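Beneath this line is the structure, given in structure tokens, with notes to follow.
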Amino acid sequence: MYGAGTVDSMVQQTVDGEARDYYILKLPNRSMVVMIPTDNCEDIGVRPVVDQEQANRVLAAIPDIQVEMTANWNHRYRENMERMKSGDLLEVARVIKGLTIRDQKRGLSTGERKMLHSAKQILISEIVLSKSVSYESVEEELNTALA
């Protein structure tokens, strides 16, 4: 949910009397540092960044992604949140495309506007790392794919 980052280091800390190993992740687009217990990585969705070929496939697939958004705001928000939490970049792209289309047709609520921004951050940050290119160039590619 925070987007892609890089493992900066691994440390051991004692929390509640229990010594555990943690990855220190740097999230460049948010200027954040996150500590993640090494033994919980799979459970919380930490995974390797997709490779360049997969990143290109995601961007290429965006124009053909079919989106059907539930009319009910609460249901739509929950469905989109589940897609974002899945860790599947195509599902994140589906959220972006669906909310972009909705924004063009009807506008977005503040909550959905924030969700669209977060989804873009998640997708773009991972593609930036996988392709070793600038944030701006990936953002431009995404906007072209959405047009």
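The values are calculated or read from the model by the stated rules, or taken from the named source; none is laboratory data. These numbers were taken from a predicted model, which means no experiment stands behind them. Note that we place each Cβ from the backbone using ideal geometry, even for glycine, and neighbour counts take in every protein chain shown. Ligands, DNA and RNA are excluded from the accessible area calculation, which covers all protein heavy atoms including side chains. Shrake-Rupley method; radii C 1.70, N 1.55, O 1.52, S 1.80 Å.
What the table below lists for this structure:
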| read-out | value |
| --- | --- |
| Matching option when the condition is modelled with pLDDT under 90 and over 15 Å from the mean Cα position of the chain (by Cα), among Lys105, Lys85 | Lys105 |
| Some residue of segment 98-118 being surrounded by 14 or more Cβ atoms within 10 Å (Cβ to Cβ), charged (D, E, K, R), touching a Phe, Trp or Tyr at 6+ places or on another chain (Cβ under 9 Å) and in a helix (DSSP H, G or I) | yes |
| Residues of segment 119-137 satisfying the condition of being open to solvent by less than 50 Å² (accessible area, probe 1.4 Å) and under 17 Å from Glu53 (Cα atoms) | Leu123, Ile124, Ser125, Glu126, Ile127, Val128, Ser130, Lys131, Ser137 |
| Looking only at segment 34-61, and only at residues there that are modelled with pLDDT of 90 or more and within 15 Å of the chain's Cα centre (by Cα), the one that is surrounded by the fewest Cβ atoms within 10 Å (Cβ to Cβ) | Gln54 |
| Extreme residue, farthest from the chain's Cα centre (by Cα), among residues of segment 7-33 that are closer than 30 Å to Val138 by Cα, at pLDDT 80 or above and of a type outside the set (A, V, I, L, M) | Ser9 |
| Residue match in segment 54-73 (condition: aromatic (Phe, Trp, Tyr) and touching a helix residue (DSSP H, G or I) at 6+ places or on another chain (Cβ under 7 Å)) | no |
| Qualifying helices (runs of 4 or more DSSP H) (wholly inside segment 1-96; at least 2 residues being touching a residue at least 40 places away in the same chain (Cβ under 8 Å) and more than 21 Å from His117 (Cα to Cα)) | 52-61 |
| Candidate set: segment 62-82, residues that are of a type in the set (A, V, I, L, M, F, W, C) and at pLDDT 90 or above; chosen: the one surrounded by the most Cβ atoms within 10 Å (Cβ to Cβ) | Ile62 |
